[in-house]
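Readers should treat all values here as calculations from the given coordinates under stated rules, not as data from a laboratory. Keep in mind that this is a model prediction, so the values were computed, not measured. Please note: Cβ atoms are built from the backbone with ideal geometry, for glycine as well, and neighbour counts cover all protein chains shown.
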Amino acid sequence: MAGTTVAEVMAELAALEDPKARKVNEKHGDDHGVNLGKLRALAKRLKTQQELACGLWETDDTAARLLALLICRPKAFARDELDAMVRQACTPKVHDWLVNYVVKKNPHADELRLAWLADPDPVVASAGWALTTERVAKKPDGLDLAGLLDVVEAQLKDAPDRLQWAMNHCLAQIGIEHAEHRPRALDIGERLEVLKDYPTSPGCTSPFAPTWITEMVRRQR
């Protein structure tokens, strides 16, 4: 499907619009009506097309941007391009896919991680925390885990929702992966009680850090 135009793809996305899917997506803050399974099938058919991906991103349409993130070349983006994109990612799903599918695979990921951690925009800062959580799990060498726990302890309770969720995930990941920091991570979670009453479906693990840590450590054993 090389040579496909932005207009052709936008027409196909419009044909996939489903009012029921839109209703479900809007509950999660995502303003599009395309079933994600069908979106992934379209991406599989289009394959990797960086120029088309950039064109789709520029439409400012949520479904088009999600598709763009599936067909782009993550390593092809310059640092400043990704910095601009994370500030343009206005819906939760676009933000999450951008960080997880693109930024994490880009050579500038750690440089952006450090810059975003200090950003005054809480949504941008949440991207920095998401990248830090990835480092905690996979490449912790060089990270100041005790220092990260200091920041979480001081800021988690009053952080805006998206930032709070990302910081809480980092807290849990430190407790899960690093036994020497586990008692403190559990203590911080117990005292702050962030997401303690978050509704959790049967069979799913609560995002309340002490419960999350305890369950994942149990599974590892």
Principal axis dimensions, the chain - Cα atoms, whole angstrom, descending: 55, 38, 34
Helix 122-138 vs. the chain, principal-axis angle (Cα, 0 to 90°, nearest 10): 70 degrees
For the range 72-120 versus the range 40-71, the gap between their alpha-carbon centres in whole angstrom: 16 Å
Qualifying aspartates and glutamates (Cα of each under 16 Å from Cα of residue 139; at least 8 residues distant if same chain): 110, 111, 177
Helix-derived mean residue ellipticity, 222 nm - over the chain, DSSP H n ≥ 4, -39500 (n - 2.57), to 500: -19500 deg cm²/dmol
10 °C / 1.306 mPa s Stokes-Einstein diffusion coefficient of the range 1-130, Kirkwood radius on C-alpha pairs, µm²/s: 106 µm²/s
Pairs of Lys in the range 4-72 closer than 20 Å at Cα, counting only those 8 or more apart or on different chains: 4
Size of the range 177-221 as Cα extents on the principal axes (Å, biggest first): 30, 26, 9
Electrostatic dipole magnitude of the range 72-206 [Cβ: Lys, Arg +1; Asp, Glu -1; Cα centre; debye, to 20]: 540 debye
Per residue convex hull volume, Cα atoms of the range 139-184, in Å³: 72 Å³
